[in-house]
Amino acid sequence: MKWVYIEDIHKYEGQEVELRGWLHNKRSSGRIKFLMIRDGTGFIQGVAAEKDTDDEGFALINDLNQEASIVVRGSVHREQRAPTGYELSVRSIEAIQNKEGYPISPKSHGVDFLLGNRHLWVRSSKQWAVLRIRAEVVRSVQEYLWEKGFLQLDAPIFTPAACEGTTTLFEVNYFGEPVYLSQSGQLYSEATALAFSRVYCFGPTFRAEKSKTRRHLTEFWQIEPEMAYAHLEDAMELAEGMVGNAIHRVLEKRKEELRTLDRDTTLLESTITPFPRIRYEEAVRRVNELGESMEYGDDFGAPQETVLAMSFDTPFMITHFPIDVKAFYMRKDSETGDTLSFDLLAPEGYGEIVGGGEREFDIKELEKSIESRELPMEAFQWYLDLRRFGSVPHAGFGLGIERLVAWICGIKHIRETIPFPRMLGRVYP
Ligand code: ATP
Ligand code: MN
């Protein structure tokens, strides 16, 4: 009999198939037993009736425990009321392994317990849905860049210096020398952009975030495109195109997962590019109007970002931040003294998912900026070489995968958007 995956079950209507999976849960009603079977690609209800199911299999069902690994054979039927539209009439069933005591029962558990059992929690239907959407987002952003001619050239994880401020560095002992886990691959993407024109790096980045917020992990994944001969506007267009494409892709390919999450997709469906843009001053003014205080020159904290992001029903962009709230490499607008920078924020209170802009390509300005921030000039000599030889205007951004996934899924905390989250106080499992 043919082994098939639940996600392909619609191709087998009326046929006998074999499913290899696990028992999600079960219930019985008189002489009929209902099994919710999962196989990693989806969930389907198996219906075992005494008259259709072989005796051995029918008896076994009584003893099956949650998460028993099972091989089930039966015929596929359309069923309007089933979430996937199909149901399996069970002919036979065997258990590969069947043990009681699975720690995550259908009753609700506290989040600490669930995080401590993350290796099992990823089997739950909501977590399954979030992580399937994550995989779709990861694929869509990479394909988007590939189609536009970008090369993936990844940045190192061990780095000699900070690029996003020295307060969130993780120091590692590298054969007796201190080095740091990468906070961003951007500086290296700038080097490869001057060698390959359009590039991106994709990988984990690390920041020792000491505050507990629902937006911060200590290990998170960024995709960081960088383009030679490009300006702020080019980076903004690329970012909104990439985000818009990811949303449409998930809406098209991950409907069942969004349904599993009870995600209201109204705003996602109505997302169109270009996204609204406001300058930093305007954003500060609005935050104050919305009842959170901040002054010109401040960075947006979590409460400020939340109220502003609540006031939009589409992703939007804030541009031209003052120099003090942005990293040393941001290019200054020669007229206003502000930076040629932007953040892309998600609505519904989610906030920043992308940060980027134009890079300083004048060596004098860059040296001044490194000095004034008391960064180690020695460690940046290679980076300064990029301005010594063939320097050109260039721009790019970093998109945080977990932030984008959290918004698309409509889940509160980004810890559920990565298979094994790393946060202050959590490195197990
Ligand atoms: P924030 O102000 O929210 O702390 P940031 O401005 O320091 O973020 P950037 O340096 O612009 O972040 O990083 C680029 C992107 O990486 C952000 O837009 C965000 O999507 C993501 N990101 C940054 N820090 C984290 C984190 N600690 N956890 C998860 N994602 C993050
Ligand atoms: Mn940022």
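Tally up the carbon and sulfur contribution to the accessible surface of the chain as a whole percent, 1.4 Å probe, everything protein left in place.
50
Output the 0 to 90 degree angle, nearest 10, between the alpha-carbon long axis of helix 232-253 and the longest principal axis computed from the alpha carbons of the chain.
For 232-253 against the chain, the angle is about 0 degrees.
Excluding ligands, DNA and RNA, what is the solvent-accessible area per residue of segment 118-417 at a probe of 1.4 Å, expressed in Å²?
In whole numbers, segment 118-417 has 43 Å² accessible per residue.
With +1 on each Lys and Arg Cβ and -1 on each Asp and Glu Cβ, how big is the dipole of segment 2-97 about its Cα centre, in debye rounded to the nearest 20?
Numbers: 13 positive and 16 negative charges, 57 e Å.
About 280 debye.
Restricting to DSSP loop positions (anything but H, G, I, E, B) with no more than 12 other Cβ atoms inside 10 Å of their own Cβ, which chymotrypsin sites (Phe, Trp or Tyr not before Pro) remain in segment 246-320? Intermediate values should be presented prior to the final figure.
Numbers: sites: Tyr280, Tyr296, Phe300, Phe312, Phe316; in loops: Tyr296, Phe300, Phe312.
Sparse-neighbourhood loop chymotrypsin sites (Phe, Trp or Tyr not before Pro): Tyr296.
Under a 10 Å cutoff between Cα atoms, tell me which one of Gly46, Gly337, Gly176 has the largest fluctuation in the Gaussian network model of the chain.
Maximum among the listed residues: Gly176.
What three numbers, in Å, describe the spread of the alpha carbons of the chain along their principal axes, ordered from the longest?
Its Cα atoms span 83, 51, 41 Å along the three principal axes.
What number, rounded to the nearest 500 deg cm²/dmol, is the helix-based mean residue ellipticity at 222 nm of the chain, given -39500 (n - 2.57) per DSSP H run of at least four residues and division by all its residues?
-9000 deg cm²/dmol
Can you tell me the length gained on complete extension of the stretch Asn173 to Met1, counting 0.36 nm per residue apart and subtracting the Cα distance?
Taking Asn173 through Met1 to full extension adds about 56.4 nm, to one decimal.
Angle check, please: helix 186-196 long axis (alpha carbons) against the longest principal axis of the chain (alpha carbons), in degrees 0 to 90, nearest 10.
80
Among Ser341, Leu268, Ile61, which residue has its Cα furthest toward the positive end of the charge dipole of the chain, with +1 on Lys/Arg Cβ and -1 on Asp/Glu Cβ?
Ile61
With r as the distance between the Cβ atoms of Tyr428 and Phe389 and R0 = 41 Å, compute the FRET efficiency 1/(1 + (r/R0)^6) and round to 0.05.
The pair Phe389/Tyr428 has a calculated efficiency of 0.30.
Just add up the charged neighbours of His320: K/R +1, D/E -1, any other residue whose Cβ is under 9 Å from the Cβ of His320.
Values: positive: Arg279; negative: Glu281, Asp333, Asp338.
Charge balance near His320 sits at -2.
Compute the length gained on full extension between Phe158 and Glu50: take 0.36 nm times their separation in residues and subtract their Cα-Cα distance, giving the result in nm to one decimal.
Gain on extension, Phe158 to Glu50, equals 32.8 nm.
Whole angstrom only: what separates the Cα centroid of segment 296-312 from the Cα centroid of segment 183-245?
Rounded to whole Å, the Cα centres lie 21 Å apart.
Suppose every K and R has +1 on its Cβ and every D and E has -1 on its Cβ; what is the size of the dipole of the chain about the Cα centre, in Debye to the nearest 20?
1540
What is the angle, in °, between the Cα long axis of helix 125-147 and the longest principal axis of the Cα atoms in the chain? Nearest 10 is fine, range 0 to 90.
It is inclined by approximately 50 degrees.
Hey, can you grab everything whose amide H is under 5 Å from the amide H of Gly301? Only 5+ residues off in sequence or another chain; H modelled, so Pro and N-termini drop out.
Sorted by chain and number, the residues that satisfy this come to none at all.
Given segment 2-97, what whole percent of its Cα pairs are spread farther than 20 Å?
So the pairs more than 20 Å apart make up 24 percent of the total in segment 2-97.
Between segment 129-180 and segment 1-77, what is the C-alpha centre distance in whole Å?
Between the Cα centre of segment 129-180 and that of segment 1-77, the gap is 41 Å.
Looking at segment 19-64, which trypsin sites (Lys or Arg not before Pro) are DSSP coil and have at most 16 other C-beta atoms within 10 Å of their C-beta?
Answer in residue order: Arg31, Lys51.
Hey, what's the per residue convex hull volume over the C-alpha atoms of segment 272-429, in cubic angstrom?
164
When you count, for each residue, the other Cβ atoms within 10 Å and take the mean per peptide, how do 391-404, 132-145, 74-87 rank with the highest first?
Numbers: 391-404: 23.0, 132-145: 19.4, 74-87: 15.4.
Averaged packing, sorted descending, gives the order 391-404, 132-145, 74-87.
Name the shape class, rounded, prolate or oblate, that the alpha-carbon gyration tensor gives for segment 218-326, where a ≥ b ≥ c are the square roots of its eigenvalues, rounded holds for a/c under 1.5, and otherwise prolate holds if a/b is larger than b/c and oblate otherwise.
oblate
Please report, in debye to the nearest 20, how large the charge dipole of segment 188-298 is about its Cα centre when each Lys and Arg carries +1 at its beta carbon and each Asp and Glu carries -1 there. Numbers along the way, then the final one.
Working: 16 positive and 21 negative charges, 87 e Å.
The calculated dipole for segment 188-298 is roughly 420 debye.
So who's got an amide H within less than 5 Å of the one on Arg279, skipping anything under 5 residues away but keeping other chains? H placed 1.01 Å off N, in plane.
Under 5 Å from the amide H of Arg279: Thr319.
Assuming a ≥ b ≥ c are the square roots of the Cα gyration tensor eigenvalues, decide whether segment 112-225 counts as rounded (a/c under 1.5), prolate (otherwise, with a/b larger than b/c) or oblate.
It comes out oblate by the Cα gyration axes.
If you build a Gaussian network model of the chain, linking Cα atoms that sit under 10 Å apart, which residue out of Glu50, Glu358, Glu257 swings the most?
Glu50
Per-residue HN-Hα couplings for segment 197-203, Karplus 6.51 cos²θ - 1.76 cosθ + 1.60 at θ = phi - 60°, whole Hz, x for Gly and Pro?
In residue order, the calculated couplings are 6, 10, 9, 8, 10, 9, x Hz.
The values are calculated or read from the model by the stated rules, or taken from the named source; none is laboratory data. What you see is a predicted model; the values in this text were computed from it and never measured. Positions of Cβ are generated from backbone atoms using ideal geometry, with glycine treated the same way; all protein chains shown enter the neighbour counts. Side chains are part of the model used for accessible areas, which takes the heavy atoms of the whole protein and leaves out ligands, DNA and RNA. Shrake-Rupley method; radii C 1.70, N 1.55, O 1.52, S 1.80 Å.
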